Every structure is written in C-alpha cells, then in structure tokens.
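The structure appears right after this line, and notes come after that.
The values are calculated or read from the model by the stated rules, or taken from the named source; none is laboratory data. Note that this is a predicted model, so its numbers are computed, not measured. Note that each Cβ is placed from the backbone with ideal geometry, even for glycine, and that neighbours are counted across all protein chains shown.
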Amino acid sequence: MELNSSLAAVITGGASGLGEATARALAKHGVKVALFDLQKDKGEKVAGEIGGVFCEVNVTSEESVAEGFKKARAAHGQERILVNCAGTGNAAKTASRDKKTGEIKFFQAKDFDRIIQINLVGTFRCIAHSAAGMLTLDPLSGGERGAIVNTASVAAQDGQIGQAAYTASKAGINGVTLVVARDLAQEGIRCNTIMPGLFNTPLLAGAPENVKQALGAQVPFPPRLGNPPEYASLALQMITNGYFNGECVRLDGAIRMAPR
C-alpha cells in the first residue's frame, strides 16, 4: 500500500508514545489521521499539529468505539489503516506473602480482567469495527483493501514477575494475529503485530534518568531504550509492504527479559 493523501488511518492510543509517533509518521506522508484516546488535551494538541482529528474513545466500550469510528469516517472517509497502540499494565504477583506481617494475598480476577479488557478485548474490538468498514472499500491495485498493525510486547514471550495479566493480554494479541490475517485474507486485509521491548514512552516518563539508563543498559545492542519513531518505522513497513502478513515481530535490540 502506497502512503498518500487518499488514505485515512485510525491510531488508538494516538495521543502519546508509540501511537503519537506513528500518527506523525503517517501524516508526514499525507495520510489523514484520526486519533483515538482518552487524553483529550494531548490528543487534540497532536491532532491539531498534524492536521488530524481527535476522537475521545474508551476501547473497552462498544458504544465509544463505534462513535469514534463514526466521527473519524465523517471527517476523513473510511480508513484503510488501523494501528492499535492503546494499552496499559499493572504489576502484582499471582499470590504473595507480606514479608513483615506474613499476610497472604492474591491477585484478584477483577484486576486481571481490567487489563485483558483494555489490551486484548479493546484491540480486537477496534480490529473488528475497522475491518468491517474496510470491507466496504473497493480494492486497490493488487487487491488490497487495508492493513492492521497491533501492539503486543516482548512480555508476550518473556513475561516478568508480576506481569500475569499484562503478559496474558499481550500473548492474546499475538494469538489472534494470524487468525485475523487468515479471516480477512480473501478480502485483501492484512494484519501484523509489533512486540516492542523497552521503549522510552509515557509508561517510563516518571522514572528517574538513572533508572532509564540502567534499563537501557540491559539491551544487547544498541544499549539504550527504544525510541517511538523506531516503532513507527516498523509500523509503516508493515503497512506499505504488501507481503507482510500474519506476523508478530519483536522490536527490542535483542533483549530477552529476565524474571525481574
């Protein structure tokens, strides 16, 4: 798919981090970009800077997602590109003992489910809505109707202590990638997933600089945190390379995460 001003894209989690970098990269190629996010101030600012549109969307809500796509399509037409970057995480051991009191507690299912609903179900919800819209489009030359890029994590394969919910959600995204690619293959819609490693995103924004440097030093090469434009570069490759389909690709500087 050649990027140009005739194309529209939807980026979830587009107000910051990986999503923002991808939105800016697509806009530089003339693509009309809609940002889905809950961060209204940041989202409107980014949208204004790239000539896009901001849609306040909660990916855990069917109604909110439907309204977001309705607004985006009213502004730009039916999207051919969907990039799913919306997500969050938490940290809690499956069960643990307080070292001082000896009290035993466990990771409650409601907290596990919250992460699954945002990261996995939210991603699939946006995939399904977007793909249904893409089916209404005429195919481009070569038969392509659209391209979907999801965001998992190296935690999908190297989950660390306390990451049961996060790892399950990201492994689930990996798991649906090939299935979605196969489901949509005859309609000319491709689906791929990026598994970022340690990236300099808002999740690490509050960490002291020495902590960031220590994390980056764990990466074999280059020994630093990844930068969001590096994610965006791979996302654009997945969008533009028509033979890229059904893949889950690590982007991590060759790191393999230790237990903690």
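When we screen 215, 135, 198, 203 for residues that are over 30 Å from residue 92 (Cβ atoms) and not polar (S, T, N, Q), the only hit is 135.
Kindly indicate whether residue 133 is more than 30 Å from residue 200 (Cα to Cα) and surrounded by 17 or more Cβ atoms within 10 Å (Cβ to Cβ).
Numbers: more than 30 Å from residue 200 (Cα to Cα): yes; surrounded by 17 or more Cβ atoms within 10 Å (Cβ to Cβ): yes.
Yes, satisfied.
Quick one: would you say residue 211 is farther than 23 Å from residue 129 by Cβ, modelled with pLDDT of 95 or more and β-branched (Val, Ile, Thr)? Against the criterion (farther than 23 Å from residue 129 by Cβ, modelled with pLDDT of 95 or more and β-branched (Val, Ile, Thr)), residue 211 does not qualify. Filter the stretch 1-58 down to residues that are farther than 30 Å from residue 114 by Cα and among the polar types (S, T, N, Q) and give me whichever is surrounded by the most Cβ atoms within 10 Å (Cβ to Cβ). If we take residues in the stretch 1-58 being farther than 30 Å from residue 114 by Cα and among the polar types (S, T, N, Q), then 6 is surrounded by the most Cβ atoms within 10 Å (Cβ to Cβ).
A quick yes/no check of all residues on (1) of a type in the set (Gly, Ala, Ser); (2) in contact with a strand residue (DSSP E or B) (Cβ under 6 Å, 6 or more places away or on another chain); (3) part of a helix (DSSP H, G or I):
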{"site": "117", "(1), (2), (3)": "no, no, yes"}
{"site": "132", "(1), (2), (3)": "yes, no, yes"}
{"site": "139", "(1), (2), (3)": "no, no, no"}
{"site": "153", "(1), (2), (3)": "yes, yes, no"}
{"site": "157", "(1), (2), (3)": "no, no, yes"}
{"site": "165", "(1), (2), (3)": "yes, no, yes"}
{"site": "171", "(1), (2), (3)": "yes, no, yes"}
{"site": "178", "(1), (2), (3)": "no, no, yes"}
{"site": "183", "(1), (2), (3)": "no, no, yes"}
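Given the criteria outside any helix (DSSP H, G or I), crowded, with 21+ Cβ neighbours inside 10 Å and under 14 Å from the mean Cα position of the chain (by Cα), does residue 193 qualify? Please lay out each step first, then the result.
Values: outside any helix (DSSP H, G or I): yes; crowded, with 21+ Cβ neighbours inside 10 Å: yes; under 14 Å from the mean Cα position of the chain (by Cα): yes.
Here the answer is yes, as residue 193 does meet what is asked.
Is it the case that residue 54 is under 21 Å from residue 123 (Cα atoms), part of a strand (DSSP E or B), more than 15 Å from the chain's Cα centre (by Cα) and modelled with pLDDT of 95 or more? Before the answer, list the steps.
Values: under 21 Å from residue 123 (Cα atoms): yes; part of a strand (DSSP E or B): yes; more than 15 Å from the chain's Cα centre (by Cα): yes; modelled with pLDDT of 95 or more: yes.
So residue 54 passes the test.
Tallying residues that are over 9 Å from residue 82 (Cβ atoms) and not polar (S, T, N, Q) within the stretch 134-150 yields 9. For the stretch 1-50, give me each residue that is acidic (Asp, Glu) and over 23 Å from residue 128 (Cβ atoms). Selection gives 2, 20, 41, 44, 49.
Which residue out of 102, 89 is in a loop (DSSP other than H, G, I, E, B), without any contact (Cβ under 8 Å) to a residue 12 or more places away in the chain and of a type in the set (Gly, Ala, Ser)? Please lay out each step first, then the result.
Working: 89 fails: without any contact (Cβ under 8 Å) to a residue 12 or more places away in the chain.
That would be 102, the only listed residue that is in a loop (DSSP other than H, G, I, E, B), without any contact (Cβ under 8 Å) to a residue 12 or more places away in the chain and of a type in the set (Gly, Ala, Ser).
Taken together, the criteria place residue 112 among residues that are surrounded by fewer than 20 Cβ atoms within 10 Å (Cβ to Cβ) and at pLDDT 95 or above.
Taking the criterion of being closer than 24 Å to residue 62 by Cβ, of a type in the set (A, V, I, L, M) and outside any helix (DSSP H, G or I), the residues of the stretch 12-51 that qualify are 15, 33, 34, 35, 38.
Just for the stretch 196-231: of the residues that are among the aromatic types (Phe, Trp, Tyr) and surrounded by 13 or more Cβ atoms within 10 Å (Cβ to Cβ), which one is nearest to residue 141 (Cα to Cα)? Step through it out loud before you land on a result.
Narrowing the stretch 196-231 to residues among the aromatic types (Phe, Trp, Tyr): 199, 221, 231.
Of the ones still in play, those that are also surrounded by 13 or more Cβ atoms within 10 Å (Cβ to Cβ) are 199, 231.
Values: 199: 36, 231: 27 Å.
Checking each candidate, the answer is 231.
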